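Take a look at the structure below.
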Amino acid sequence: MRVLGIETSCDETGIAIYDSEQGLLSHVLYSQIPIHADYGGVVPELASRDHIRKTIPLIKQALADAGITAAEIDGVAYTAGPGLAGALLVGASIGRSLAMAWQKPALAVHHMEGHLLAPMLEEHSPEFPFLALLVSGGHTQLVAVEGIGQYQLLGESIDDAAGEAFDKTAKLMGLDYPGGPLLAKLALQGNAKKYKFPRPMTDRPGLDFSFSGLKTSAANVIAKEGNSPQVQADIAASFQQAVVDTLVIKSERALLQTGYKRLVIAGGVSANTSLREQLAVLLKRYGGEVFYPRKEFCTDNGAMIALAGYFRLAAGQQQDLTIGVTPRWPMQDLPAV
Ligand code: KG4
Ligand code: ZN
């Protein structure tokens, strides 16, 4: 079965073609970052308009790269939520309409399920059940995963997501949007022990997170010590270590609670090398293993949407003819496969 995947939930247009026998046939990604950088964040209307310009040309390119025609596509999967309503509507309208024109089934994919299943695109692929730590720009969640669509939310951020905390702290330091990867790079030159950032909500039981206070700590340091390159690097390293420690502490609790020995990390922040390394150390202690997608599939992409769509289409699920999106969509509402 060959599935065309379309991702337009935020500031990336991602298109891919997944083949159940041969794996990924092609994937193309267009990032809108330069469009939004001047505004310090994603401007929803600009995002929608740019997805309109890019989606169809990229679908043509993905077909050409795969060396196939539209007639050889067996199903179309598009992100229907969560995300920006206008941006989602572009991918949903195009995806649902193409499937109708091609007389093939369509599937409305949950963006976070896409992230969660993305490690299955790799050779080192996790088996069920596993614990998933989803860390993106919009979500920080610990999920017990028993199978596709069998998700139990164990904990989540009560305010800013981990990626959002990275981006907001980076912005305070004057770094460009999205600041997460830039801050991570600066952290390599800094002293993680220089400043004492809190490890929020680790001193009480539970698996929820809170990251909104960390940017205040960063703002206080900048107010006191200035924003010199060395201060920036030390803030970056100290901040990153606080986020990583918090994620490691909560992941360990969740592993003990579930008894699982496999941990999947996915979403943009799973590209963070320090987080990967420190979670690997944790899992090694428990005789377990960490799984994550290659870096380009940590952040938003079409490949994860094609794969998630494939699993559900192969199980006979499909979307009716309605073109609809679900900007707020709890992952636990998904049906099991
Ligand atoms: O999953 P994603 O591409 O989009 C959402 O669904 O939100 O995640 C983007 C987020 C941004 O906040 C970005 O700063 C963060 O992931 N990010 C990182 C790194 N690479 C991306 N944060 C920390 N370290 C990184 N290396
Ligand atoms: Zn995402």
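The values are calculated or read from the model by the stated rules, or taken from the named source; none is laboratory data. As the structure is a computational prediction, the values presented were derived from the model and not from experiment. Positions of Cβ are backbone-derived with ideal geometry, glycine not excepted, and every protein chain shown enters the neighbour counts. Note: accessible area is taken over every heavy atom of the protein model, side chains too, but ligands, DNA and RNA are not part of it. Shrake-Rupley method; radii C 1.70, N 1.55, O 1.52, S 1.80 Å.
Diffusion coefficient (Stokes-Einstein, Kirkwood radius over C-alpha pairs, 25 °C, 0.890 mPa s) for region 233-337: 150 µm²/s, rounded to a whole number. For Gly81, the residues whose modelled amide H falls within less than 5 Å of its own, excluding neighbours fewer than 5 places apart on the same chain, are His111, Thr326. Beta bridges per DSSP, both residues in the chain: antiparallel share near 60 percent.
Relative to the current alpha-carbon distance between Asp203 and Leu46, full extension at 0.36 nm per residue lengthens the span by 52.3 nm. Couplings 3J(HN,Hα) for region 247-262, derived from phi with the Karplus relation 6.51 cos²θ - 1.76 cosθ + 1.60 (θ = phi - 60°), are 5, 5, 4, 6, 5, 4, 4, 5, 5, 5, 5, 8, x, 6, 10, 10 Hz, where x marks Gly and Pro.
Mean separation of Cα pairs under 8 Å and 6 or more residues apart, divided by the residue count, gives region 191-329 a relative contact order of 21 percent. For the options Thr246, Thr273, Thr69, a Gaussian network treatment of the chain with springs between C-alpha atoms closer than 10 Å singles out Thr69 as fluctuating the most. Here the chain is assigned +1 on the Cβ of each Lys and Arg and -1 on the Cβ of each Asp and Glu. Its dipole about the Cα centre then comes out at about 680 debye.
Dipole of region 242-337 computed with +1 at Lys/Arg Cβ and -1 at Asp/Glu Cβ about the Cα centre; of Ala303, Gly267, Thr322, farthest Cα towards the positive end is Gly267. Ignoring any ligand, DNA or RNA, what whole percent of the accessible area of region 76-200 comes from carbon and sulfur when the probe is 1.4 angstrom? Exposed carbon and sulfur together represent 53 percent of the surface.
Remark: relative contact order (the chain) = 26 percent; criterion is Cα-Cα distance under 8 angstrom and separation of 6 or more residues. Normalised by residue number, the volume inside the convex hull of the Cα atoms of region 80-170 is 135 Å³ per residue. Using the 1.4 Å probe convention, the accessible area of the chain works out to 42 Å² per residue with neighbouring protein chains retained. Here region 143-187 is treated with +1 on each Lys and Arg Cβ and -1 on each Asp and Glu Cβ, and its dipole about the Cα centre works out to around 240 debye. Working note: Karplus 6.51/-1.76/1.60 with θ = phi - 60° gives region 235-243 the couplings 5, 4, 5, 5, 5, 4, 5, 5, 5 Hz, where Gly and Pro are set to x. Amide H contacts for Val264 (H built 1.01 Å from N in the peptide plane; partners 5 or more residues away or on another chain; cut-off under 5 Å): Leu131, Ala132, Leu133, Phe291. For region 134-233, the extents of the C-alpha atoms along the principal axes are 48, 28, 20 Å, listed from largest to smallest. Seen from Thr13, the other residues with C-beta closer than 10 Å to its C-beta sum to a net charge of -3, counting Lys and Arg as +1 and Asp and Glu as -1.
Take every DSSP beta bridge whose two residues both sit in region 1-78; close to 80 percent of them are antiparallel. Among Leu116, Leu175, Leu133, the largest mean-square fluctuation in a Gaussian network model of the chain, built with springs joining Cα atoms closer than 10 Å, belongs to Leu175.
Express the Stokes-Einstein translational diffusion coefficient of region 54-122 in µm² s⁻¹, to the nearest whole number, given a Kirkwood radius over alpha-carbon pairs, 4 °C and a viscosity of 1.567 mPa s.
Roughly 100 µm²/s, to the nearest whole number.
Of the GluC sites (Glu not before Pro) in region 34-143, which ones lie in a loop per DSSP and count no more than 15 other C-beta atoms within 10 Å? Here the GluC sites (Glu not before Pro) that fit, given the DSSP loop and packing criteria, are Glu122, Glu123, Glu127. Using 20 Å as the cut-off for backbone N distance, which residues of region 170-204 belong to the label zone defined by a point 7 Å from the Cα of Asp245 along Cα→Cβ? Label zone hits: 170, 183-204. Region 39-61 and region 299-337 have Cα centres separated by 21 Å.
In loop segments of region 4-43 as defined by DSSP, the GluC sites (Glu not before Pro) with at most 13 further C-beta atoms inside 10 Å of their C-beta are Glu21. Stokes-Einstein, applied to the Kirkwood radius of the chain over Cα pairs at a viscosity of 1.002 mPa s and 20 °C, places its translational diffusion at 106 µm² s⁻¹. Pairs of Cα atoms nearer than 8 Å and 6+ residues apart set the relative contact order; for region 35-146 it is 19 percent. Proximity of backbone amide H atoms, modeled 1.01 Å from N, is registered between Thr140 and Ser157, Ala162 at under 5 Å, excluding neighbours fewer than 5 places apart on the same chain. Projecting label points 7 angstrom from Cα along Cα→Cβ for Ile56 and Gln230 puts them 5.8 nm apart.
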